[in-house]
1. When only alpha-carbon atoms count, how far does segment 463-511 stretch along each of its three principal axes, as whole angstroms with the largest first?
2. Using only helices, what value at 222 nm comes out for the chain when you add -39,500 (n - 2.57) per DSSP H run of length 4 or more and divide by the total residues, to the nearest 500 deg cm²/dmol?
3. Which of rounded, prolate, oblate describes segment 188-287, given a ≥ b ≥ c as roots of the alpha-carbon gyration tensor eigenvalues and a/c under 1.5 marking rounded, otherwise prolate only if a/b is larger than b/c?
4. Can you give the Kirkwood hydrodynamic radius for segment 40-146, in Å, rounded to one decimal and based on Cα pairs?
5. Just order 275-282, 161-168 by mean Cβ neighbour count inside 10 Å, highest at the front, would you?
6. Scale the Cα Rg of the chain by the rule-of-thumb value 2.2 N^0.38 Å and send over the ratio, two decimals.
7. What are the ³J(HN,Hα) values, in whole Hz, obtained from phi via the Karplus relation 6.51 cos²θ - 1.76 cosθ + 1.60 with θ = phi - 60°, for each residue of segment 463-476 in sequence order, with x given for Gly and Pro?
8. Using the Cα centre as the reference, give the magnitude of the dipole from point charges on the C-beta atoms of the chain (Lys, Arg: +1; Asp, Glu: -1; all else neutral), rounded to the nearest 20 debye.
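The values are calculated or read from the model by the stated rules, or taken from the named source; none is laboratory data. Since this is a predicted model, take the numbers as computed values, not measurements. Neighbour counts are summed over all protein chains in view; Cβ atoms, including those assigned to glycine, are modelled from backbone coordinates with ideal geometry. Accessible surface is based on the protein model in full, side chains and every heavy atom, while ligands, DNA and RNA are left aside. Shrake-Rupley method; radii C 1.70, N 1.55, O 1.52, S 1.80 Å.
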Amino acid sequence: MWEPKEIKDQLHMIDGKKAPDLIITNAEYLHSIYKKWVTGIIWIAGDRIVYAGKEMPVMTEGAEIFDATGKKIVPGYIEPHVHPFQLYNPRTFADYASRLGTTTFISDNLILFMSLDNETSFGLLDELNKLPFSFYWWARFDSQTILQKEAELFNLASIKEWIERPEVLVGGELTGWPRLMTGEPNMVASVNAAKIGGKKIEGHFPGASERTLARMRLLGTDGDHEAMTIEEVEARLLHGYGVTLRYSSIRPDLPHLLKDIVAKELNVFDHLMMTTDGSTPSFHLDGVMDKCIRAALEAGVPPIDAYQMASYNVARYYDMTDLHGFIATGRFATLNILEDEYNPVPTDVLSKGKWLKRENESTEPFPTIDWSFVEAFAPNFELDESDFIFDNPVGIEMLNDVITKPYNVTIDTKVDKLAEDHDESFLMLLDRNGKWHVNTIIKGFATEIQGFASSYSNTGDIILIGKDKKEMHNAFKEIKRIGGGMVLSENGGIVATLPLAIGGGLSAEPVQKLIEQEIELKKALADRGYTKGDAVYTLLFLQSTHLPYIRITQMGLYDVMKKEMIVPVTGR
C-alpha cells in the first residue's frame, strides 16, 4: 500500500526527524474501539495517519496546522452497498457524496460487466483509484434479467478475473439466489470461487423465511440488506448475517426499523450497517450516508453507534479496519470534521489526505474521466409501422413502482392512439441494435403520456411507452438525436428531456444538475398520470426477473413464478 520510502519518512516523523504534512490539534475524535470521544493530536503525511494520540510532533516546520477546537471528528463515511450507475456515474456520484462526508464506496459492477470487457472495466477502476476517495466493488454472478447471451457473458473465467482484483470485496448481490439453492453449477462455482478468494457473499432475500435464510447461510451467504420489518432484522441477526438496513427511494425502511430496534432495547448496533442502496439522484438532495446517520439520530440511536454504523462497522465486516473506519495510526487520513455529533454533515472533509471541503465550502472538483471507451448510443436503424403492432393478449400490470403481474388485455390495440380515460399504454422493449423487439401493453404506468422513450434500462436496450404510436416514434427519434437519455414527446413536440451522454445510460453532468433534470422529468410524468413512487426504478426493473411476477426481457415476456416465456421476442 505504501512504498518503503514513504514508510521510512513516516518513521522519521515519529522519531522527530521530519515534519508531517498536516497536524490536527485539539482533536476530539471518535475512537472506534473504545467507542468514545478522545482528545488528542492527529499527524498526517500524504494520505496516511502517521500518529493519533496525545503527543505533538517534534518537528512542525512547514506543516499545515488545523485547530479543531470545538469540533468533533469522525471517520469518513462508507456506503457499503451502492449502485453507482443510477443515471449518475461513479465519478460524479463520488464527487457529490464526498462533499457530504461519504468518501468510501462498495459498488455494484453489473453495468460494467454487462457493457464492457474486463480489460476496459479494470482500466476504469485504475482511473478511479487515482482520485481522492476509495472505490471497492462487487463481482456479480448473474444479470438479474434474462439475456440472449447470459451464459456467454457470465462465465466463470470472467467472473474470476473480477474476484482476483484487490478492490473486489463482495460476491453478488445474489438476485439469482434460487439458482444457488437448486445447485445450478455456474452459480455454485461462482460462489465457491468468491469464498476461496476471501470475499463476502451478499444476499438479496426480500421476505425470505427463516428456513431460506438458514439454507442460504449454509450455502455461503454472509450478509443481506433486504430486511423490511424488525422481525426480519432479528431473523438475520439470529443466523449470523451481516445486516445492512436500507434507506432508499423505493424502500425507505431505515427510520422505522431503527425506531423498532430502539423501542425493543436491542443492543445490536455493533452488528448493523446502513445503505441508500443505489437511490435515484433526487433522493440524495438531502444527503447520502449523512442522511442515514441523521435518520438514526432521529430514531434515538446513540450518536456513537450511529456513526459506527456508517464507518467502523462496515470496515470491520469487510476486514478493512487497517485502512478505513478508524481514526488511528496507519489508517487512511479520511476524516469528517463536524460542528457537533448531532449534525452529520461535515464542515470539513479530508479524504486520503486531501481537503475536499473547508469551512463548509467545497474545494476544487475532482479530475474528469474520459468516458470515450463506452460505446456511444447511436442506433443506425429506423422504425416503421410494422414495429408498432401490439396484438399479444397478455400485458403487464404495475402493482407499485417495481412489482408487476400479468393481466388479460381487453382493449383494442390496433388503434394508433389509446384513450386517456384508462391507465393502459403501449410498451415496447427494443434492441439497441435494432434486431428485435418485444411488444405488449402496460397497465398502471400512466393515463396521459403520449410518447416516452428511454435508453436507460437494465440491459441498455430501449424502452418505449405511450398512448400514441406516432409520439412514441417521435420520442425514439429524439433520443437517437441527442445520443441517449429519456424523452417525453407530446403533440408533435418534446416536453421533457434528460440526456444520458455516456453510452445512453449515464449522465456526464454533476449530480446537482442531474437532480434538477430528474425532478423536472418526474414532474412531467406525474402531471401525465404517473402515480407510483419512482419512475426511474420502474424503468430499470421492468426487465428484472428477481422480482415478481412478470417481466419484459430480451427473450420475451417472462413469467417469473412459472419460469416460462409467455410471449416470445419478435425479430426485425
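1. Result, largest extent first: 32, 17, 16 Å.
2. Working: 17 runs with 156 residues, N = 572.
Estimated from H runs of four or more residues: -8000 deg cm²/dmol.
3. Values: a/c = 2.10, a/b = 1.33, b/c = 1.58.
It comes out oblate by the Cα gyration axes.
4. Details: mean 1/r = 0.0601 Å⁻¹.
Final number for the Kirkwood radius of segment 40-146 is 16.6 Å.
5. On the way: 275-282: 23.8, 161-168: 17.0.
Result, highest mean first: 275-282, 161-168.
6. Values: Rg = 24.9 Å, N = 572, 2.2 N^0.38 = 24.6 Å.
Relative to the 2.2 N^0.38 Å estimate, the chain comes out at 1.01.
7. Result, ordered by residue: 10, 10, 9, x, 8, 10, 4, 5, 6, 4, 5, 4, 5, 4 Hz.
8. Details: 58 positive and 82 negative charges, 181 e Å.
Approximately 860 debye in magnitude.
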